Each structure stands twice: as C-alpha cells, then as structure tokens.
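Participant: Would you mind keeping the following structure in view while I ask a few things?
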Amino acid sequence: NQQDAEKLLAAKEAIKFVKDGDVVGLGTGTTTTFAIKELGKKVAAGLKITAASSSVRSEELAKSLGIQILDLGTLSSIDISIDGADEFTDTLNLIKGGGGALFREKIIASLSKNSIIITDASKQVEKLGAFTVPVEVFPLALRYVADQLIKLGGKGILRKKEGEVLITDNGNYIIDADFGLIDDPEKLATDLNQITGLLAHGLFIGLTSKVIMAKGSEIVSFDK
Ligand code: DER
C-alpha cells in the first residue's frame, strides 16, 4: 500500500548514507525493518558494516540477514543510526517509542554521530503531542512515576499487549502519557528527566541529524 511504499522509499534513501566500515545503529519499527532488510542486501553484496540494535526483534532480523551485531554496552560512538518516529517537527523534535524500544533507541541516538530518522508522510506534525509520550518505567517506581506524570499534566496508561502488561526488552514497563499538544517539548523533556524511576521518555530533542520523509514518490529531507 501507499504507506509501505513510502516507508521503503525512505529506507532506501537512508541507507545511501551507510559506507564501508560504519558502525550502524539499528532502530525498531516497521519503517526501520525495511531499512534493515535493505542493509542486509547490501551486506550480502559486500558492504562491510557492524551494527548495534535497539531491540531483540531488530537484532534477530539483522543477524538473520548476516549483519554482524556488536554489544551496545561496549560502544563509545556509532557512525550512523537509522530509526523511525511516531511524530516529527521541522525542528527535528520527535516523539518515539510507539514500538516500545525507546530506551535503547535513545542510547543509540545519543551515541550516533549521524542520527537519521525515516518516515512516511503521516508522521510530520506542526506541534508534538497528538501521539502520547511513551515513558519507560522501572517497575518498582510505577506508582511514583504515574503520580509525577499527572502532576506534569500527563494522564498515563500502562501499555498492554494482547491483554497482558507489556514488559520491555529491559524488563521494564511503559506508560503512554497524554499531555495533549506540547507547547514546550524541551521544558517537558527536562521535567521528565527529573523523575526518579523514569528511565527514558519518547521526546527526542536535539538528537536527530536528518529526517527523511517519503511523500508519495517524493523524498523530503529535513536537516539540523
Ligand atoms: O518505537 C519507535 O520509536 C519506532 O521507531 C516508531 O516510532 C516508528 O515505528 P513505525 O516505523 O512502525 O511507524
């Protein structure tokens, strides 16, 4: 369908920036899955890269395609990362975490010299916040974090999957917090960073080098 065609187009555009010897950060989600599959083809054709993954599922896909996976905890930098987003603005602020991998995704983005986000046309927004802000919560802080979110104006819902509370790859919970449209995402990000037990949130501010959006058969890039 049109959205999948856009995701593939954006993915193909992003991997043009990957070169021999790169350590590549792999994101998570349906758009990034297209990019990992495209990278697998280039590796099979001789591209020499290593990679670090933001989720078990992305790691398993990459390994199945012959991409060598490194231990993220040993890396002092990543040359280029490719990931998706749930929302982005033309100032390159993002909401991420729809796929539940935001903690490792944020580690990868923080380590990346070049952090590329790929999206279909549906992700561009004027103002962040139509999508809820996912936060990764240490289980023993669940009630405390939920109360702090309410104080910040965020009504949180514990994320479930097939009726069961979702447990992330890191053994934590996710709360999806509805702050409504966010006037000052930098301020909210700072406030969220102060909450003990809130391990990561889906506001990615100042972490992105480029957004590659596919709109129909066109590519639109947004640069820092
Ligand atoms: O969870 C994430 O941050 C994903 O990158 C998500 O935001 C985008 O997923 P999609 O490519 O399946 O829309």
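Participant: Quickly run through the range 126-158 and pick out the residues that are assigned to a loop (DSSP other than H, G, I, E, B) and either closer than 20 Å to L181 by Cα or not aromatic (F, W, Y) (or both). Working first, answer last.
Facilitator: Within the range 126-158, the first condition is being assigned to a loop (DSSP other than H, G, I, E, B), and the residues that meet it are 126-132, 138, 152-154.
The answer is E126, K127, L128, G129, A130, F131, T132, L152, G153, G154.
Participant: Could you list, in sequence order, all residues of the range 10-21 that are buried (at least 19 other Cβ atoms within 10 Å of the Cβ) and either closer than 23 Å to L75 by Cα or among the polar types (S, T, N, Q) (or both)?
Facilitator: Result: A14, I15, V18.
Participant: Given the conditions (1) open to solvent by 60 Å² or more (accessible area, probe 1.4 Å); (2) under 22 Å from A130 (Cβ atoms); (3) not small (G, A, S), and given that R57 satisfies all but one, which numbered condition is not satisfied?
Facilitator: If we test R57 against (1) open to solvent by 60 Å² or more (accessible area, probe 1.4 Å); (2) under 22 Å from A130 (Cβ atoms); (3) not small (G, A, S), just (2) comes out false.
Participant: While we're looking at this one, here's another question. Condition first: within 14 Å of the ligand (Cβ to nearest atom), open to solvent by 40 Å² or more (accessible area, probe 1.4 Å), modelled with pLDDT under 95 and over 13 Å from the mean Cα position of the chain (by Cα). Can you find one or more residues in the range 128-143 that meet it?
Facilitator: Yes, that holds for at least one residue.
Participant: Could you check the range 164-183 and list, in sequence order, the residues that are out of contact with any strand residue (DSSP E or B) (no Cβ under 8 Å at 6 or more places or on another chain) and touching a residue at least 60 places away in the same chain (Cβ under 8 Å)?
Facilitator: If the condition is that a residue be out of contact with any strand residue (DSSP E or B) (no Cβ under 8 Å at 6 or more places or on another chain) and touching a residue at least 60 places away in the same chain (Cβ under 8 Å), then D169 is the only one that fits.
Participant: Among the residues of the range 159-169, are any open to solvent by less than 30 Å² (accessible area, probe 1.4 Å) and outside any loop (DSSP other than H, G, I, E, B)?
Facilitator: No, the range 159-169 has no match at all.
Participant: Could you check the range 42-63 and list, in sequence order, the residues that are in contact (Cβ under 8 Å) with a residue 12 or more places away in the chain and part of a helix (DSSP H, G or I)?
Facilitator: Once the filter is applied, which keeps residues that are in contact (Cβ under 8 Å) with a residue 12 or more places away in the chain and part of a helix (DSSP H, G or I), the range 42-63 yields K42, V43, A44, V56, R57, S58, E59, L61, A62.
Participant: Same structure, new question: Can you give me the number of residues within the range 22-33 that are away from the ligand (no atom under 15 Å from the Cβ) and open to solvent by 10 Å² or more (accessible area, probe 1.4 Å)?
Facilitator: 1
Participant: List the number of the failed condition for I36; all other conditions in (1) surrounded by fewer than 23 Cβ atoms within 10 Å (Cβ to Cβ); (2) within 16 Å of the ligand (Cβ to nearest atom) hold.
Facilitator: Just one mismatch for I36, condition (1).
Participant: For the range 49-75, what are the residues that are in contact with a Ser or Thr (Cβ under 9 Å, 6 or more places away or on another chain), of a type in the set (D, E, K, R) and within 20 Å of S110 (Cβ to Cβ)?
Facilitator: E59
Participant: If you go through the range 90-127, how many residues are in contact with a Leu (Cβ under 7 Å, 6 or more places away or on another chain), near the ligand (Cβ under 8 Å from one of its atoms) and either free of Cβ contacts under 8 Å to residues at least 60 places away in the same chain or open to solvent by 10 Å² or more (accessible area, probe 1.4 Å) (or both)?
Facilitator: 1
Participant: Examine the range 194-207 for a residue that is in a helix (DSSP H, G or I), among the β-branched types (V, I, T), surrounded by fewer than 20 Cβ atoms within 10 Å (Cβ to Cβ) and at pLDDT 95 or above, and state whether such a residue exists.
Facilitator: No, because not a single residue in the range 194-207 is in a helix (DSSP H, G or I), among the β-branched types (V, I, T), surrounded by fewer than 20 Cβ atoms within 10 Å (Cβ to Cβ) and at pLDDT 95 or above.
Participant: Only one of (1) away from the ligand (no atom under 16 Å from the Cβ); (2) within 28 Å of V24 (Cα to Cα); (3) open to solvent by less than 20 Å² (accessible area, probe 1.4 Å) is not met by G154, so which one is it?
Facilitator: Result: G154 passes all but (2).
Participant: Taking the range 160-188 as the region of interest, how many residues are within 20 Å of D83 (Cβ to Cβ) and either in contact with a Gly (Cβ under 9 Å, 6 or more places away or on another chain) or aromatic (F, W, Y) (or both)?
Facilitator: Final tally of qualifying residues: 6.
Participant: On to the next question. Taking only the range 129-151 into account, find how many residues are over 19 Å from D86 (Cβ atoms) and in contact with a strand residue (DSSP E or B) (Cβ under 8 Å, 6 or more places away or on another chain). Spell out the reasoning first.
Facilitator: Pass one, the range 129-151, residues over 19 Å from D86 (Cβ atoms): 138-148, 150-151.
Pick out the ones that are also in contact with a strand residue (DSSP E or B) (Cβ under 8 Å, 6 or more places away or on another chain) and you get 138-139, 141-142, 145-146, 148, 150.
Total meeting the criteria: 8.
The values are calculated or read from the model by the stated rules, or taken from the named source; none is laboratory data. Predicted model only: the values in this text are computed from it and were never measured. Note that we place each Cβ from the backbone using ideal geometry, even for glycine, and neighbour counts take in every protein chain shown. All accessible areas refer to the heavy atoms of the entire protein, side chains included, with ligands and DNA or RNA removed. Shrake-Rupley method; radii C 1.70, N 1.55, O 1.52, S 1.80 Å.
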